[in-house]
Amino acid sequence: MTSPLTTRSEQRCFGGTQGFYTHASRTTGTDMRIGVYVPPHGGGARLPVLYYLAGLTCTEETFAIKAGAQRRAAELGLVLVTLDTSPRGLDLPGDAASWDFGVGAGFYVDATEAPWARHYQMYSYVVDELPALIAAHFPVGERRGIFGHSMGGHGALVMALRNPERYQSVSAFAPIANPVAVPWGEKAFGRYLGPDGGAWASYDASLLMAQRPFPDEILVDQGLADPFLATQLHPEALERAAAASGQRLTLRRHATYDHSYWFIASLMDDHLAWHGERLRG
């Protein structure tokens, strides 16, 4: 049984509706906040849905406000779903001590270590609970895609690679491609998942891709002026993994672009068209 939605706001946008909502999550044990853009559509329509996973410090509003996605989503008939990047309001020890761990930094994993395990279940929330909630309250069909930025790019790739039957398309902007080998991933995985490297590997897109490719092509865009490129992102790990498994991968590098939403907005039409082609057939 899905939880009811509390409407925080709804506005008309390119003929559709951009809404922001709150619901009580059984997975995280907290209230979770989501954003949903529903494009113009006829009565009885069931539309493809595209989930966006945001990066460190972001909320369910960041993408909706900054990415400029609604106009093209309206043209393509895509429902856009955004979500918060962690549970909030728990006041767990150390959950707000740094910007790259805890609040706003759930890393889209199911935590196994105390005190995080009870609430930081973002993987299951995105893969299981959220699609059921969206299907119960919005005019969506069975076809869904997923994409994201940075920490969210990591999450999107991992979820698609682990659940190819649930997602028909996947793409990423500047993803943390090999989190087991970079400081952001080591910090988050060590605290959420403990010292077991095997548990870490199940949330690393490069390691997963090297074992089993996603059935369709994957699109990744990376800015070459990104300050996190060398230390945290490692897109070349995806290329090595794709070569090992035969994954069809389009990895585009863009001179002068950084890690910001200016980069994301510049390529948003490309990504929405990519997903629209696959989700609408």
Scope the range 100-130; condition under 15 Å from THR30 (Cβ atoms), in a loop (DSSP other than H, G, I, E, B) and not charged (D, E, K, R); matching residues:
VAL103, GLY104, GLY106, ALA111, PRO115, TRP116, ALA117, HIS119, TYR120
Only one of (1) touching a helix residue (DSSP H, G or I) at 6+ places or on another chain (Cβ under 7 Å); (2) part of a loop (DSSP other than H, G, I, E, B); (3) farther than 17 Å from PHE173 by Cα is not met by LEU56, so which one is it?
(3)
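Go through the range 224-279 and give me each residue that's small (Gly, Ala, Ser) and part of a loop (DSSP other than H, G, I, E, B).
If the condition is that a residue be small (Gly, Ala, Ser) and part of a loop (DSSP other than H, G, I, E, B), then ALA225, GLY246, ALA255, SER260 are the ones that fit.
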Which of the residues that make up the range 162-192 are open to solvent by less than 10 Å² (accessible area, probe 1.4 Å) and either out of contact with any Gly (no Cβ under 7 Å at 6 or more places or on another chain) or not in a strand (DSSP E or B) (or both)?
TYR167, SER171, ALA174, PRO175, ILE176, ALA177, PRO179, VAL182, GLY185, ALA188, PHE189, TYR192
Please go through the range 1-44 and pick out each residue that is in contact with a Lys or Arg (Cβ under 8 Å, 6 or more places away or on another chain), at pLDDT 95 or above and not in a strand (DSSP E or B).
PHE14, GLY29, THR30
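Here is a yes/no grid of residues against (1) of a type in the set (S, T, N, Q); (2) open to solvent by less than 30 Å² (accessible area, probe 1.4 Å); (3) closer than 22 Å to VAL182 by Cα:
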site	(1), (2), (3)
GLN211	yes, no, yes
ASP221	no, yes, yes
PRO227	no, no, yes
ALA230	no, no, yes
HIS234	no, no, yes
ALA237	no, yes, yes
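The values are calculated or read from the model by the stated rules, or taken from the named source; none is laboratory data. Quantities reported herein were computed from a predicted structural model and do not represent experimental measurements. Heads up, the Cβs are rebuilt from the backbone with ideal geometry, glycines too, and the neighbour counts pull from every protein chain shown. Side chains are part of the model used for accessible areas, which takes the heavy atoms of the whole protein and leaves out ligands, DNA and RNA. Shrake-Rupley method; radii C 1.70, N 1.55, O 1.52, S 1.80 Å.
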